[in-house]
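What follows is calculated from the coordinates using simple rules that are stated; it is not laboratory data. Owing to the predicted nature of the structure, the values given are computational and were not obtained by experimental measurement. So basically every Cβ, Gly included, is an ideal-geometry build from the backbone, and we count neighbours across all protein chains shown.
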Amino acid sequence: MVLKGRVWKFGDNISTDHIIPGRFYHLRSNLDALKEHVFEDIAPGFCKKVRRGDIIVGGRNFGLGSSREHAPLIIKMVGIEAIIARSFARIFYRNAINVGLAAIICDIEGIEEGNIIEVRLDEGILIDITTGVEKKFSPLPAIMREILRHKGLDPYIRARAHGGFKI
């Protein structure tokens with residue numbers, strides 16, 4: 001599984017309130033309206049600038065705060081394919097995988113906003129195509145890669161229930 005996209009860079013301690021400002025929580029049952037406000041306070045206009053396939057690069061403790069499962073879902077809905085960070089808040093990390101959004105722990109030193117990167121999930125390799133720098137990361141466990149291949153936990157479970165594949 002290979003992902004390739006343009007980088008959006010965020011720093012350390014990006015919380016679920018940074019991702020979805022709390023004042024928009026009332027929109028949680030209207031995901032199309034809610035996604036219009038993703039990162040609104042720290043990256044105004046993000047949802048209008050992002051393109052399908054783009055990748056977020058973050059620092060330490062990405063996704064801290066409340067366990068809003070809408071946070072990674074909204075990020076995925078605007079077109080982001082993966083988040084690569086030095087570390088993740090545990091619940092955010094698991095929620096991301098469950099909604100089919102790749103969450104990769106990797107050294108992000110030198111990767112800049114606007115760069116084009118390629119992420120080889122099965123091999124544990126990140127290549128900054130813009131600079132030519134290659135980085136290694138621990139590949140996700142096979143079960144997580146299967147969940148991502150199915151675009152989330154629900155489709156993965158449905159496929160297994162219908163005998164659609166074996167691990």
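At-a-glance table
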read-out: Environment charge at TYR156 (Cβ cut-off 9 Å; Lys +1, Arg +1, Asp -1, Glu -1); value: +2
read-out: Cβ-based net charge around PHE88, under 13 Å, with every Lys or Arg adding one and every Asp or Glu removing one; value: +3
read-out: For ASN115, residues with placed amide H under 5 Å, excluding near neighbours; value: VAL7
read-out: Net dipole in debye of the range 1-152 [+1 Lys, Arg Cβ; -1 Asp, Glu Cβ; about Cα centre; nearest 20]; value: 380 debye
read-out: Candidates LYS49, LYS136, LYS35: whichever shows maximal mean-square fluctuation once the chain is modelled as a Gaussian network with Cα springs under 10 Å; value: LYS49
read-out: Sites ALA142 and ASP32 - FRET efficiency at Förster radius 45 Å, r taken between beta-carbons, to 0.05; value: 0.85
read-out: Segment ARG90-THR131, extension gain: residue separation times 0.36 nm, minus the distance between their alpha carbons; value: 11.7 nm
read-out: Order of ASP17, ASP154 - criterion: other Cβ atoms within 10 Å of each residue's Cβ, fewest first; value: ASP154, ASP17
read-out: Exposure proxy ranking, count of Cβ atoms within 10 Å, fewest first, for HIS150, HIS26; value: HIS26, HIS150
read-out: Estimated FRET transfer efficiency when R0 is 25 angstrom, pair ALA43-LYS4 (beta carbons, to 0.05); value: 0.70
read-out: Of PHE88, ASN98, ILE111, farthest towards positive along the dipole that unit charges on Lys, Arg, Asp, Glu beta carbons give the range 2-140; value: ASN98
read-out: Positive-end extreme of charge dipole, the range 2-140 - chosen from CYS47, PHE10, LEU126 (charges on Cβ); value: CYS47
read-out: DSSP beta bridges in the chain [antiparallel fraction, %, rounded to 5]; value: 50 percent
read-out: Peptides ranked, highest mean first, by Cβ atoms within 10 Å: ranges 80-87, 115-122; value: 80-87, 115-122
read-out: Estimated distance in nm for a label pair at GLU123 and TYR25, the labels positioned 7 Å out from Cα along Cα-to-Cβ; value: 4.4 nm
